[in-house]
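The structure appears below as structure tokens.
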Amino acid sequence: MRACVVGLALALSLLSSAAHGTLQIVDGIASPQLHNQRALRIWLPPSYAREPERRYPVLYMHDGQNLFDAGTASYGTAWDVGQTADRLAAKGEMQEVIIVGIDNNADRIAEYTPCCDPKYSGGKLDAYQAFIVDTVKPWVDQHLRTLPGREHTAIMGSSLGGIASVYIAQHHPEVFSRAGGVSSSFWWNGQDLVRQAPTPTAKVRYYIDAGTDGDGLEDTVKMRDAMLAKGFKEGEDLYFHTAPGGAHNEKSWAARVDLPLKWFFPARQ
């Protein structure tokens with residue numbers, strides 16, 4: 001009887017471990033473009049270890065410290081984006097994906113923004129996007145079993161990381177076919193990014209959202225309207241979402257991150 005109980009416990013343990021992805025932290029990724037270095041926090045999906053021939057789509061995200069672990073998150077709450085992706089994949093609602101979280105640093109405002117807001121300045125986003133495109137992605141594609149083509153590659157972030165994601169995909173559609181701006185700071189520099197909204201000719205699908213609780217919804221609506229005026233079509237290459245009660249924090253972002261995940265990486269039919 002005891003052997004049966006032990007065997008059952010082991011089987012349940014193996015089943016549990018197989019159902020969850022794993023987090024790997026790679027320290028000291030150097031950026032020649034920004035003259036600094038940082039960690040990558042990489043979520044590998046549940047099947048990664050047991051299917052050694054399989055390759056996976058990749059989602060790149062900013063503010064890596066806030067994505068997977070409440071212990072490293074800036075305000076004590078994480079997105080739990082890896083766990084959400086695993087749960088959705090297990091339910092057949094999306095593909096399994098590799099998620100690459102790129103840590104921020106003390107220069108976050110400058111790195112995530114184009115030049116130049118009258119109050120906050122900024123202006124290192126071109127160097128930061130070169131770091132992602134020319135250093136981070138090649139490293140990831142070399143060391144992990146990725147599907148490297150643009151059709152399998154997305155980028156997403158929140159707040160300033162949201163405008164960074166939209167900007168980077170807009171300028172590098174050959175690398176990214178999907179971009180998510182969650183609670184994006186479209187107010188930056190007098191809504192300059194709204195005036196320079198993307199066009200649909202580059203074939204990038206955009207997800208943008210905002211909550212109703214002091215989350216910049218008015219600016220995001222203006223970005224949506226600007227994109228629609230340029231020819232985007234909601235439900236096809238633009239997904240706009242208003243989050244009732246949503247605030248500008250990780251708890252709110254965690255509550256709705258399933259929306260872009262399922263839209264970016266739908267389950268294969």
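The values are calculated or read from the model by the stated rules, or taken from the named source; none is laboratory data. Everything numeric here is computed off the predicted structure, so don't read it as measured data. Positions of Cβ are generated from backbone atoms using ideal geometry, with glycine treated the same way; all protein chains shown enter the neighbour counts.
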Item to complete: Return only the number of the condition from (1) buried (at least 19 other Cβ atoms within 10 Å of the Cβ); (2) more than 17 Å from the chain's Cα centre (by Cα) that A169 does not satisfy.
Response: (2)
Worksheet entry | Lone unmet requirement of (1) touching a Lys or Arg at 6+ places or on another chain (Cβ under 9 Å); (2) charged (D, E, K, R); (3) more than 28 Å from P45 (Cβ to Cβ) for E174 | (3)
Discussion item. Just checking: which of the helices (runs of 4 or more DSSP H) contained wholly in the range 160-269 hold 2 or more residues that are free of Cβ contacts under 8 Å to residues at least 60 places away in the same chain and touching a Gly at 6+ places or on another chain (Cβ under 6 Å)?
Written reply: 160-171
Discussion item. So, in the range 120-129, exactly how many residues are in contact (Cβ under 8 Å) with a residue 60 or more places away in the chain and either buried (at least 17 other Cβ atoms within 10 Å of the Cβ) or charged (D, E, K, R) (or both)?
Written reply: 3
Fill in: Sole exception among (1) surrounded by 23 or more Cβ atoms within 10 Å (Cβ to Cβ); (2) over 24 Å from H152 (Cβ atoms); (3) touching a helix residue (DSSP H, G or I) at 6+ places or on another chain (Cβ under 8 Å) for K230, by number
(1)
Worksheet item: Among the residues of the range 191-203, is any under 22 Å from R41 (Cβ atoms), at pLDDT 95 or above and crowded, with 17+ Cβ neighbours inside 10 Å?
Response: no
Worksheet item: With (1) in contact with an Asp or Glu (Cβ under 7 Å, 6 or more places away or on another chain); (2) over 18 Å from I25 (Cβ atoms); (3) surrounded by fewer than 19 Cβ atoms within 10 Å (Cβ to Cβ) as the list, and A73 as the residue in question, which single condition is left unmet?
Response: (2)
Worksheet item: Mind checking which residues of the range 117-142 are small (G, A, S) and more than 20 Å from the chain's Cα centre (by Cα)?
Response: S121, G122, G123
Item to complete: Could you run through the range 220-235 and say how many residues are farther than 15 Å from Q170 by Cα and among the small types (G, A, S)?
Response: 2
Worksheet entry | Tally, over the range 104-116, of residues that are more than 17 Å from the chain's Cα centre (by Cα) and in a helix (DSSP H, G or I) | 2
Worksheet item: When G71 is evaluated against the numbered criteria (1) within 14 Å of the chain's Cα centre (by Cα); (2) over 17 Å from G157 (Cα atoms); (3) among the small types (G, A, S), which criterion, by number, is the only one it fails?
Response: (1)
Practice prompt. Determine whether A243 is modelled with pLDDT of 95 or more, touching a strand residue (DSSP E or B) at 6+ places or on another chain (Cβ under 8 Å) and more than 20 Å from C116 (Cα to Cα).
Written response: yes
Worksheet item: So which residues in the range 87-119 are farther than 12 Å from D63 by Cβ, of a type in the set (D, E, K, R) and buried (at least 20 other Cβ atoms within 10 Å of the Cβ), if there are any at all?
Response: E96
Worksheet item: Any idea which of (1) in a strand (DSSP E or B); (2) closer than 19 Å to V204 by Cβ is the one G101 doesn't satisfy?
Response: (2)
Practice prompt. Return a yes/no flag: does the range 183-197 have any residue that is β-branched (V, I, T) and in contact with a Lys or Arg (Cβ under 8 Å, 6 or more places away or on another chain).
Written response: yes
Discussion item. For the range 75-93, which positions are closer than 26 Å to I163 by Cα, part of a loop (DSSP other than H, G, I, E, B) and either hydrophobic (A, V, I, L, M, F, W, C) or free of Cβ contacts under 8 Å to residues at least 12 places away in the same chain (or both)?
Written reply: G76, A78, W79
